[in-house]
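Worksheet: one structure, shown below.
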Amino acid sequence: EEAKQRLGTVLANITDDEKEKTASFLFEMFRAGMLKINLWQPEFSSDPGECPHASEFARWQAERGSENVTTLTGMNLKLENELVRHVIIAADGKSDRGAIEKAVHERVSVPENQKANFAKELPGLIEFSLNEMARSGLILP
């Protein structure tokens, strides 16, 4: 309803010609596969929360070594590195950041001379990864 009100205010200031051009442009984007229209709104969280919960399907894909995981919006997301893969796997909805950090630390192989720095940087890397996962539509509400 709020979006409808905002849109009504914006549309009041747009000419019929501009509306027609915009509609034509959007239709062409749709035909080219650049725009996806859904009749349902996927439910995902934009905030990882206390105990982040990645979708079960994305966790399943990550556990099996897939190069991509499917977001809750249906898009494929390329896993950029093994750390992100392990954060997705560990984000089971029951584990807090400390437990996720422990699980990732146990699973990620790091050269001996880099272990101290990795342990120091890991909490920030996990937080960044969780926020990116939420932004990408991988975290359940």
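The values are calculated or read from the model by the stated rules, or taken from the named source; none is laboratory data. Since this is a predicted model, take the numbers as computed values, not measurements. Glycine also receives a Cβ, built like all others from the backbone with ideal geometry; neighbour counts cover every protein chain displayed. Protein only, heavy atoms only, side chains kept; ligands, DNA and RNA dropped before computing areas. Shrake-Rupley method; radii C 1.70, N 1.55, O 1.52, S 1.80 Å.
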Scan region 78-98 and report the pairs whose first residue is touching a residue at least 12 places away in the same chain (Cβ under 8 Å) and closer than 15 Å to residue 45 by Cβ and whose second residue is open to solvent by less than 30 Å² (accessible area, probe 1.4 Å) and part of a loop (DSSP other than H, G, I, E, B), with Cβ atoms within less than 6 Å and a gap of 6+ or a chain change. 91/52
Residue check: is residue 140 open to solvent by 40 Å² or more (accessible area, probe 1.4 Å), in contact with a Phe, Trp or Tyr (Cβ under 8 Å, 6 or more places away or on another chain), modelled with pLDDT of 95 or more and not small (Gly, Ala, Ser)? yes
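Specify which of the listed residues (102, 78) is more than 15 Å from the chain's Cα centre (by Cα) and over 30 Å from residue 23 (Cα atoms). Break it down into steps so the answer makes sense when it comes.
Details: 78 fails: more than 15 Å from the chain's Cα centre (by Cα).
Of the residues listed, the single one that is more than 15 Å from the chain's Cα centre (by Cα) and over 30 Å from residue 23 (Cα atoms) is 102.
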Sole residue being open to solvent by 80 Å² or more (accessible area, probe 1.4 Å) and not in a loop (DSSP other than H, G, I, E, B), chosen from 94, 120: 120
Any residue in region 67-88 that is over 22 Å from residue 141 (Cβ atoms), part of a loop (DSSP other than H, G, I, E, B), among the polar types (S, T, N, Q) and at pLDDT 95 or above? no
